[in-house]
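Working notes, beginning with the structure itself.
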Amino acid sequence: MDREHSLDWGRFELPVEFETPPGYDILLPTYVPYGIHEGTVRMPSKKKCRIIPRADMRLDYFGLPHDDREEYIHTRLHMRHEDAIDQGKHIIDQTLICKMAFWTIYGFSKSKYYAMMAKAPLGIVRGYHGNKGTLKPRGSTVQAHVVLGQLLTELAEPMPHMQKTLEDCSSVIVYMLPSCYTKKSIMEEVNCKIDSIGGEKISKSLFYRHWKASGRNYKFHKRGAFAKCDTCVTLKLKLMEERRPDFRMPIEEERNKHMREQMSRRNVYYAKRALAKAQPEKYLCLIHDKMDQNKTNIPRLANNMKRLHSGGSCMPLPVSLTGMLTHGREPGAFCHLSVNGLWPGDPNLIVSSLARCLRDLEFVLDCGDHTGDLSRTTSNIPLFSSLLDQSAFIATMGREGAIDSTYFQQHGNGNMPSARNSIRSPTFKKLPPVLMLQMDNSAKDNKNLHVLAFCSELVIRGVFETVEVNFLMVGHTHEDVDALFSKVSAQTMHKDVLSLPALMAEIWESEIMHPVPILLEEVADYKSYVHGFLKPLEGHSKPLGFRFSMVNNVPVYRYQRKVDGSWILEAGVSLWKKVDGRYTVPDGEPLALKLPSSHPRLGEISPFITNLTDFLRTTYRDTTSEGYRKYSPVISYWKKVQENITSIQALENETLQNGFWPQTNQGTGYKPTGLPQDATHNGRDDTVVVLDKLERELQDENNLMLEAYVGDPADRPKRAFIPLEDITEGKFVVLRPDDDFEKEVPRVVWLGRAIGAIVRETSDERHGQFLIEWWRPRHRKSTNATNQERYTDILVGQKDWEKDPGYFTPEWINATAAIYSWKYRSKGGVPQSARLNPLAKAAIEAYFQMLDLVE
């Protein structure tokens, strides 16, 4: 509607040519822009109101901010005299008008007028709370916002290496939530919390408005991408089902304690990372992890075609990527590539990768851009030579604006120098004395005897004075090395990666620091190398940290159960066996693992390569086309690789071509001329950490000390038998006989099976007693044998025990008569016969020895 021919009447815009409403005489205005007109209004003729100009009044009212308009009207309502109030009239410009004229002149609704009139007797003069342009939210909305913020603070893990840019162009740190949570489960837990305190639940739409305002920088771990924390999942399910505040409180406290503990482990890594960057001459911080191999298999096409997988089970060449960040040492990151299937993915591969990384760190290149094996085109093994061939890479990537081999030759510095170079080489740089190694909490790959032995041997050989190995808690292991993997994945996404050099180029370009791509061509057989030198180890899956050092010429380790706990034990324990009073370690270097004659999954890889080469050959037949020039080298590349994985030609020499151990020697390693020492000592040195109050409590409490034990099972301290704690339903119990039976058969014990638990109620007359089902030794020759015949020499050989048919009903017995109890494992449920286990026999022998001493 054209504003020049309109009239502002109430809240409507009316054209000039309109019919006059019944009972009204409207004087037509002259033109005024923006809809504000010099008009007058005459109220109903029944009670003639005076004609009053209104444009200036409306301008005064609508010209105010929204929050001040109601205050303006309230002021007009309070300015009336008593006669006007009694008549229900209002005064404008000393003129008495009716209430209809009042709301019509100012242009607001009838309902709003009566709402303000209801507030006038209460003395209200302000319509809002006073915050300009901001409406006050309801109490339930504020409560929901606070509960959501508190929950996100408790659950989220900050990712300092990840940032998110908001709409206002500001950057904030990204927080990751556990993978067991979703937005829906977060909303349900918020409502459970609100319901438990008697509040009003929020709707789905309101929750998402709160999430948009407060949770923009919160992300969820991808489901299946990382192992879920059992504790987080369990506590989450408990909180989802519990509404009672008194029962929710201990669950929430347990979850908060768990989240603080996992965050404290993460802060330990952050502190050591910062320490290595601040003092690189003293510390080296290295984090080591594996990437999902499905994202690094080659050849990889942006558009995966069904044709490539036709003809049965087909798969590309499996290539795994192991990433390492070297904080405090150039080049900053390594990416080790290995062909899966040539070697098992066990500790041998992990140890070989760590050793290669340490050897490469000893050589500092003059150029900041390190290209690793991307600039290398040959190998002593034909399979790896064909994989490193750059002809396909140059053909597909060697165009203007793209990264090609020439670019890397200009910006890189060739191959990384071999660790076998002379120590007098100007590029050699000694490693710092302290290595802080951060690894994934996986027993299969990292947290095992062989990786720990490798760390101990680094100290024995003097490469480092101290090696600390730390593990994050299961389900909370996402760190900056995983951010590197995500960048590699994003770099290769929607791209054709048709050769190994092309994959290396994408890895090099994925990060500003340029991770160095290395192809592992040999893996050391470290497990065979240390076989026979190591003691058995148990309990090593529980500690979150290990420290290896030399104490009085003895290689020892300590471990840490909690972040705020001390290193256990003060003197340390050795992993290595003793021979003639001296700890023995292997000498020399491990041998190389032999390559198989062909790839174990050749039947799946070869058809995929055939399908790829056939597709490229039929698609680019024209020899003059650009496609033929680009992809004919790719066909030749994969045909050569296919030949070499079909028949792998390995070196006959089993010696590692590039060596194994780093050359650095701190002068603190094992000294063969030293006198044989035990790990226990009275002296102190800088590497020994004094036990604090918590550790002494652990040593004083036998049960806690046993739970924290890590070492040889034969050296594990024996736990004292506590009847009230150890006797439970279904266990076999060895008991002292009464005096009369012992006179009949000396040096004898009774055996029974606990039917129920021990009565713990102090008010019960049977306090400390339990029901027992009696058993007796089985006599092989006679069922009517005497007690003398049955119980004589019960510890000799393997005697079977059977239920005593003379006692059909269980009897109550006092737990103080028990000597030992154990759980007998029977395949058929309730056992029909049983034998004393070795620990039970040892307890009985100790009982007999005590009787001999008393006599």
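Counted over region 139-264, the DSSP beta bridges are approximately 65% antiparallel. For region 723-854, taking the reciprocal of the average inverse distance between every pair of different Cα atoms yields a Kirkwood hydrodynamic radius of 15.5 Å. For ASN380, the shell of other residues with beta-carbons less than 10 Å away shows a net charge of -2, using +1 for Lys and Arg and -1 for Asp and Glu.
Count Lys and Arg as plus one, Asp and Glu as minus one, and take only other residues whose Cβ is under 11 Å from that of LEU593; the net charge is then -2. Expressed as a whole percent, the proportion of Cα-Cα pairs in region 313-356 lying more than 15 Å apart is 51%. Across region 139-264, the relative contact order, built from alpha-carbon pairs under 8 Å that are at least six residues apart, equals 29 percent.
With K and R counted +1 and D and E -1, the other residues having a Cβ less than 10 Å from that of CYS285 yield a net charge of +3. Per-residue Cβ neighbour counts within 10 Å put ASP793, ASP68 in the sequence ASP793, ASP68, beginning with the fewest. For ASN552, no residue whose modelled amide H falls within less than 5 Å of its own remains once neighbours fewer than 5 places apart on the same chain are excluded. Separation of the alpha carbons by more than 23 angstrom is noted, of LYS430/LYS577; LYS89/LYS110; LYS272/LYS429; LYS731/LYS803; LYS184/LYS562, for LYS430/LYS577; LYS184/LYS562. Here is the size of region 139-264 from its Cα atoms: Rg then Dmax, 14.7, 44 Å. Between region 298-366 and region 440-477, the alpha-carbon centres lie 20 Å apart. Across region 476-551, the fraction of Cα-Cα pairs farther apart than 19 Å, rounded to a whole number, is 63%. Size of region 184-329 from its Cα atoms: along the principal axes, largest to smallest, the extents are 59, 55, 29 Å.
Throughout, read-outs are computed from the coordinates displayed, never taken from laboratory work. The model shown is predicted, which means the values in this text are computed figures rather than measured ones. When we count neighbours, we look across all protein chains shown, and the Cβ atoms used for this are built from the backbone with ideal geometry, even at glycine.
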